[in-house]
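Notes follow the structure.
Bear in mind these aren't lab numbers, they're just calculated from the coordinates by the rules spelled out. All values derive from a computational prediction rather than experimental measurement. Positions of Cβ are backbone-derived with ideal geometry, glycine not excepted, and every protein chain shown enters the neighbour counts.
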Amino acid sequence: MSISKETLLHSYRSMKTIREFEERVHAEIMNGQIPGFTHLYTGQEANAVAVCAHLDESDTIISTHRGHGHCIAKGADVSGMMKELFGSSDGLCKGKGGSMHVADIDKGILGANGIVAGGPPISVGSALAAKIRKNGKVAVSFSGDGSVNQGTCFEAMNMAVVLQVPAVFVIENNYYSEHTHIDYAVGCNDLKARTEAFGFPVFVADGADFFAVHEAAGKAIAHARAGNGPAGVFAEQGRYHGHFVGDPQAYRGEGELDDLRENHDPLKVFRQHMATSGDLSEAELDAIDAEVMAEIEQSVVDAKAAARPTPEQVTADVYIQYGANGVRGTYHA
Amino acid sequence: MSISKETLLHSYRSMKTIREFEERVHAEIMNGQIPGFTHLYTGQEANAVAVCAHLDESDTIISTHRGHGHCIAKGADVSGMMKELFGSSDGLCKGKGGSMHVADIDKGILGANGIVAGGPPISVGSALAAKIRKNGKVAVSFSGDGSVNQGTCFEAMNMAVVLQVPAVFVIENNYYSEHTHIDYAVGCNDLKARTEAFGFPVFVADGADFFAVHEAAGKAIAHARAGNGPAGVFAEQGRYHGHFVGDPQAYRGEGELDDLRENHDPLKVFRQHMATSGDLSEAELDAIDAEVMAEIEQSVVDAKAAARPTPEQVTADVYIQYGANGVRGTYHA
Amino acid sequence: MPEKTMRDAINEALHQAMEQDESVFVIGEDVAGCNGSAGDVGSVGGVFGVTTGIYNRWPDRCVDTPISESAIVGAAAGAALVGMRPVAEIMFADFIGVCMDQIVNQMAKFRYMFGGKSRCPAVIRFSAGGGFSAAGQHSQAMYQVMTSFPGLKVVVPSNAYDAKGLLLTAIQDDDPVLFFEPKVLYQETAEVPDEMYTIPFGQANFVREGDDVTVVAFGQMVPKAAAAIDALAAEGISCDLIDPRTTSPLDENAILESVQATGRLVVVDEAPPRCGLTADIAGLAADRAFSSLTAPIKQVCAPHSPTPFSPELEAAYLPDADKITAAIKATLA
Amino acid sequence: MPEKTMRDAINEALHQAMEQDESVFVIGEDVAGCNGSAGDVGSVGGVFGVTTGIYNRWPDRCVDTPISESAIVGAAAGAALVGMRPVAEIMFADFIGVCMDQIVNQMAKFRYMFGGKSRCPAVIRFSAGGGFSAAGQHSQAMYQVMTSFPGLKVVVPSNAYDAKGLLLTAIQDDDPVLFFEPKVLYQETAEVPDEMYTIPFGQANFVREGDDVTVVAFGQMVPKAAAAIDALAAEGISCDLIDPRTTSPLDENAILESVQATGRLVVVDEAPPRCGLTADIAGLAADRAFSSLTAPIKQVCAPHSPTPFSPELEAAYLPDADKITAAIKATLA
Ligand SMILES: Cc1ncc(C[n+]2csc(CCOP(=O)(O)OP(=O)(O)O)c2C)c(N)n1
Ligand SMILES: Cc1ncc(C[n+]2csc(CCOP(=O)(O)OP(=O)(O)O)c2C)c(N)n1
Ligand SMILES: [Mg+2]
Ligand SMILES: [Mg+2]
């Protein structure tokens, strides 16, 4: 599959945006500026971006607790996300969701999700809607190597096959679920095979390589979009940070992190590809880097200056409409 | 594996007991004598009995909503069960559980279970206890072809592999979950393969043939008991009755039920084996039949005459001990 | 006006909603029935027959599923997020146990967590409550538990007329709605117009009007309370009987105004006492109608125990007209 | 007496219980940590560090699991049914959503459904409640919801001393116990004896004694209520502060006797208002202490909305000393 220059530029920009967003978020958490629980995606950028390269706005994705990368790749407003993480009422979710609940329905982002494997069943629903409407849309869910052991994930996979809906299950193996290695938590030796045993094809890729993921995801999404039922993508790539910020990462082997950053960096790998193919010049890539750095810097400046929520906003947005004529559903002193 | 005469006698008696128990329960439901929701096991007797032939009292089983057969096979008191189904306070569960909750912990029967796939996680717990105690016990759960699509069932299978516990998953394919065929509800074409993909061996048997199930279950249970982790049994055999009593069974093909009763009757198949092998004589088998018929008849007579529960029993047995000194947890007018 | 059972009234509402709006679809176990089998798909219509005939008219919008309640609710939630109006059936309210996350952490919270930028117009229907000798796992009300979760609307009809009107409101509502059908009422009839009509949420029904005592009752307790009140009329005792119809939103004003007039309150629900609706309403009145109260507020509910199987025990367990009568009299003592 | 954090007090209780009784074991996600990885197994001790050091002393009785909460609770339930005393950890109480069936339909109901013939001495520990900017899916109290299910005992400690004593009671208790640890209190210290001690269930703690108003508060609300009450002393207002410590069983007598003496009641909990503990206690008093009441019963709780992310919003969401003070004063107005 040859990839247009526009897509290459856009994809590199997305990956770089995720990287800079995350590294900056990491710094701001260390500074005590970002509250709550935040999980960083750094290192896995190619997965999100290569998958989303095959999607348009009305295809949907649903993400995980580690959601920044997926959301940026699908087009979420970066400045709105940064404000959200800072807890501003100008944030994408008005400061009500935070890192684990970034969402933008209009962009087809059905949300990051704080419940491990909360997303796949919902994604099957979006895929079912596409099937009923016969509109050619696909619904992608992202899952980690740990989340695939949750009952809801299995149910969703079987249901997608039964209903023959265009659901794509992207499994990102970053080797760990919190502090536990996949070799322990996934009982069988072959997660790809266990997934395929549910009755759909799974395409494997090296998650450090945008082009490999792009190809695998392309096959899976084409399969689903063509009405052949669900498909899967299985991509291996470690995360660069701890599970959460402050994680001592006792589970890492010696040199593991250095090796990851050195030899498995999707941004470097992408640049190497470009150097070989000549499709994008170093100058073009450098220019993107500079723009992205400026954009992220500005997003932090804006987030720090953004409006803070006021107490009366607490009870807004629970319902679209709830009761009428003095009919309330809440009472407290 | 050669089977002792004692086991043969016992097993035939168990199968016949289940058959007569069920057919009589069916009649009593039609008479309006048995309240609630009751699911009949008739036709599948060989599965329960052949599996339980490998277990002793301190091995555990956990059953399903279709639990009479499993409980009888594991040694539950038949008269106590009949009383329970009639709702007597002398019933095995004092009339509090009924058909869907027959249990006898002392006999290693962790209960029928009204929640589809409620049992497998609990069985993993029993198996884990065996592993921690190193006592050589195994824990068997029964699941239907429909229940294997429930998240809890998948979780239990993976967890059993991860923990390498002596859990045995017996999957009984009677082709339907309520009114839906396995070919629809299990998305993949090969449930055995999907199960094995979790990382344990599954032994297949014709569920009409006691000896086939006995062999398969023997392998699975030996595997688990030897400390090799979980194992599975997959047995195919239709049920003779509807999902529940009164089910119009619109899903049946023409002649399906006749064929089942005619050509797939575990009691007939057992007798044919005996005729060939000569291990048990027709007279011996006929004598068992007569004894069982009398026992079941007596159990119904006793159940009809048994004590009825009184209102103050409602609130007993919720806790072993709940509060003290006028400390109550309930209040109502 | 034609008399219809509650089952038929709900079925009619579903047909009319499907006819009017092609974004409406039904999904659940055996809502069509017989899929994959030799029988006619669509010949079941749900185990309680509530979805009868829908598959035959709209096969693409009558979706049978495996036994995977989390995936069913998730599929409804996801389809609703992208603009469909699913009506999912969960066979028994007790099965909320296996799909609670998708209800309370996903669909209930999307809008809030996403800063008010999503809508999730999904309806989940459940059969609910006791009275069938169905024992501990098939008899729970559960609506009192769901009422505690912000983001959900909770409906409990007490008659066929309300059931139709409330379900049509639920389907048109843009927030997630849980619709609990007291299963002992399925066969009860009322006058039900053939045409479509809606009943607003948060608007209580005054089933009886009187001066001495305010009685608030839910679901299947409404006809029992009416019977108690009608009998008390002979003794010169007259009561308001308020059926809130929706527990969330709750028509607080109707209750408070009545209590202000009568000074006495009895609250009746079939669920156990702790943290239930009877306490909820009592707590409301003890704050906001305190100065009008002339007698202790009485709660009539099940005791703090699971639902027993035996008919005698269940009769003692569930509130009935006698217990309601006693409570009303207690407030007058 | 030595000062210990609540985290350390709970950890100490676990160590002592494991030491004393070899049927005690812990199970959950990362309760050991690093399984399958290059790091040292046992070096995590749970994401909140509560199980620290257990694996190192008793590797066979510190069981790491995949992310499969239903299987975790099921494993605890099953092991308890056969005589073990498991202490399972569910990381956040919100995750009850994915394992509720195993808690409320299985372990809670075994004994009743089985006619009083089983015991299930399992403890499930949860981190619970708000205060961490953890947003909608990681901040719920949930104990109020679990209190409504008969068959469970529900514990909510408000300080390190109680946490240790109550956990030791929980582990020795023969009924299933849910143990909710307010996560904002993990770092709070109290004097905690080194030796083992137990605190009986259903026995409230009088945190303050006074004459004017009875305040009942739960979990993390107890210190907030104490602060409010201590400040009010300067204004000449004196309050009883009752910490029930267990919500099921509930020490009704303590509450009723206090209300009979003061005539005024304020109930404080961090959960939303509907069908919660504040209503539960209010309803109790409005019936059984009615004649003593001289003022409306005030409930101080969260509003009817999910927990927001932003620190300002969460501060407005959770009850605090100011709101408690206002409610106390309102009863005196
Ligand atoms: C139901 C549930 N259980 C546990 C958690 C806590 N938790 C958050 S992330 C995580 C690990 C997830 O691992 P994986 O799926 O591999 O994703 P990764 O973090 O590696 O991206 C866990 C256990 C949760 N959020 N939800
Ligand atoms: C969680 C849950 N969902 C649905 C049901 C309703 N139900 C009872 S039995 C059954 C079919 C089970 O099929 P299978 O596992 O094949 O067992 P079989 O009835 O064939 O023995 C269903 C859907 C239930 N009891 N529990
Ligand atoms: Mg991972
Ligand atoms: Mg079946």
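Let's see how each residue does on (1) touching a strand residue (DSSP E or B) at 6+ places or on another chain (Cβ under 6 Å); (2) of a type in the set (Ser, Thr, Tyr):
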residue: C:Phe126; (1), (2): yes, no
residue: C:His138; (1), (2): yes, no
residue: C:Pro157; (1), (2): no, no
residue: C:Ala160; (1), (2): yes, no
residue: C:Tyr197; (1), (2): no, yes
residue: C:Phe201; (1), (2): yes, no
residue: C:Met221; (1), (2): yes, no
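Number of residues in segment D:250-263 that are surrounded by 24 or more Cβ atoms within 10 Å (Cβ to Cβ) and either in contact with a Gly (Cβ under 7 Å, 6 or more places away or on another chain) or of a type in the set (D, E, K, R) (or both): the value is 2. Taking the condition at negative phi, more than 7 Å from every other protein chain (Cβ to nearest Cβ) and of a type in the set (Lys, Arg), does D:Arg119 pass? No.
Among the residues of segment D:167-205, those that are within 14 Å of chain B (Cβ to nearest Cβ) and hydrophobic (A, V, I, L, M, F, W, C) comprise D:Ala170, D:Val177, D:Leu178, D:Ile199, D:Phe201, D:Ala204.
Considering B:Ser88, B:Ser79, the condition of being part of a loop (DSSP other than H, G, I, E, B), closer than 14 Å to B:Val300 by Cβ and over 11 Å from the mean Cα position of the chain (by Cα) is satisfied by B:Ser88 alone.
So is C:Asp60 at the interface with chain A (Cβ under 8 Å from one of its Cβ atoms) and of a type outside the set (Gly, Ala, Ser) or not? Judged against the criteria, C:Asp60 is a match.
Restricting C:Ala93, C:Ala76 to those that are within 16 Å of ligand 2 (Cβ to nearest atom), among the small types (Gly, Ala, Ser) and either within 26 Å of A:Asp104 (Cβ to Cβ) or within 7 Å of chain A (Cβ to nearest Cβ) (or both) reduces the list to C:Ala76.
Inspect all residues belonging to segment D:262-278 and state whether any of them is charged (D, E, K, R) and part of a strand (DSSP E or B). Checked against the condition, which is being charged (D, E, K, R) and part of a strand (DSSP E or B), segment D:262-278 yields no hits at all.
Inside segment A:34-48, can you point out the residues that are out of contact with any Pro (no Cβ under 6 Å at 6 or more places or on another chain), more than 14 Å from ligand 3 (Cβ to nearest atom) and not hydrophobic (A, V, I, L, M, F, W, C)? Correct list: A:Gly36, A:Thr38. Exactly one of (1) of a type outside the set (S, T, N, Q); (2) touching a residue at least 40 places away in the same chain (Cβ under 8 Å); (3) away from ligand 1 (no atom under 16 Å from the Cβ) is unmet by B:Phe154. Its number? All conditions are met except number (3). Within segment B:301-321, being closer than 15 Å to C:Ser310 by Cα, in a loop (DSSP other than H, G, I, E, B) and not β-branched (Val, Ile, Thr) holds for B:Ala306, B:Ala307, B:Arg308, B:Pro309, B:Ala316, B:Asp317. A:Ser141 meets all of the listed conditions (1) away from chain B (no Cβ under 12 Å); (2) more than 16 Å from ligand 3 (Cβ to nearest atom); (3) crowded, with 24+ Cβ neighbours inside 10 Å; (4) within 26 Å of A:His39 (Cα to Cα) but one, namely (2). In this structure, A:Asn158 does satisfy being within 16 Å of ligand 2 (Cβ to nearest atom) and under 22 Å from A:Lys219 (Cβ atoms). The C-beta contact set for segment A:160-185 (first residue more than 14 Å from chain D (Cβ to nearest Cβ), second residue within 16 Å of ligand 4 (Cβ to nearest atom) and β-branched (Val, Ile, Thr), distance under 9 angstrom, 6+ apart or interchain) comprises A:Val161/B:Val186; A:Val162/B:Val186; A:Val162/C:Thr65; A:Leu163/C:Thr65.
Of the residues B:Val148, B:Val116, B:Val124, which single one is in a helix (DSSP H, G or I) and either among the polar types (S, T, N, Q) or within 7 Å of another protein chain (Cβ to nearest Cβ) (or both)? The conditions single out B:Val124. Annotation note: of C:Ala326, C:Ala227, the sole residue that is surrounded by fewer than 24 Cβ atoms within 10 Å (Cβ to Cβ), within 10 Å of chain B (Cβ to nearest Cβ) and on the phi < 0 side of the Ramachandran plot is C:Ala326. Among the residues making up segment A:237-266, a single one is surrounded by fewer than 20 Cβ atoms within 10 Å (Cβ to Cβ), in contact with a His (Cβ under 8 Å, 6 or more places away or on another chain) and over 18 Å from A:His26 (Cβ atoms): A:Ala250. Scanning segment D:122-142 for residues that are within 14 Å of chain B (Cβ to nearest Cβ) and either in contact with a Leu (Cβ under 8 Å, 6 or more places away or on another chain) or under 30 Å from D:Ala302 (Cα atoms) (or both) turns up D:Val123, D:Ile124.
For every residue, the table says whether it meets (1) in contact with a Lys or Arg (Cβ under 7 Å, 6 or more places away or on another chain); (2) within 28 Å of B:Ser126 (Cα to Cα).
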{"site": "B:Ser4", "(1), (2)": "no, no"}
{"site": "B:Pro35", "(1), (2)": "no, no"}
{"site": "B:Val49", "(1), (2)": "no, yes"}
{"site": "B:Ile61", "(1), (2)": "yes, yes"}
{"site": "B:Arg66", "(1), (2)": "no, yes"}
{"site": "B:His70", "(1), (2)": "no, yes"}
{"site": "B:Glu84", "(1), (2)": "no, yes"}
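The single condition from (1) buried (at least 24 other Cβ atoms within 10 Å of the Cβ); (2) out of contact with any Gly (no Cβ under 9 Å at 6 or more places or on another chain) that C:Ala135 fails is (2).
Checking B:Ala222, B:Ala193, B:Ala275 one by one, the residue that is more than 14 Å from chain A (Cβ to nearest Cβ), under 30 Å from A:Asn149 (Cα atoms) and in a helix (DSSP H, G or I) is B:Ala222 and no other.
List every residue pair whose Cβ atoms sit under 7 Å apart, with the two residues 6 or more apart in sequence or on different chains, where the first one lies in segment D:252-274 and is farther than 14 Å from C:Asp287 by Cβ and the second, anywhere, is of a type in the set (Val, Ile, Thr) and in a helix (DSSP H, G or I). These pairs meet every condition: D:Ile255/D:Ile281; D:Asp269/D:Thr278.
Has segment A:57-74 got any residue that is charged (D, E, K, R) and in contact (Cβ under 8 Å) with a residue 60 or more places away in the chain? For segment A:57-74, residues charged (D, E, K, R) and in contact (Cβ under 8 Å) with a residue 60 or more places away in the chain: present.
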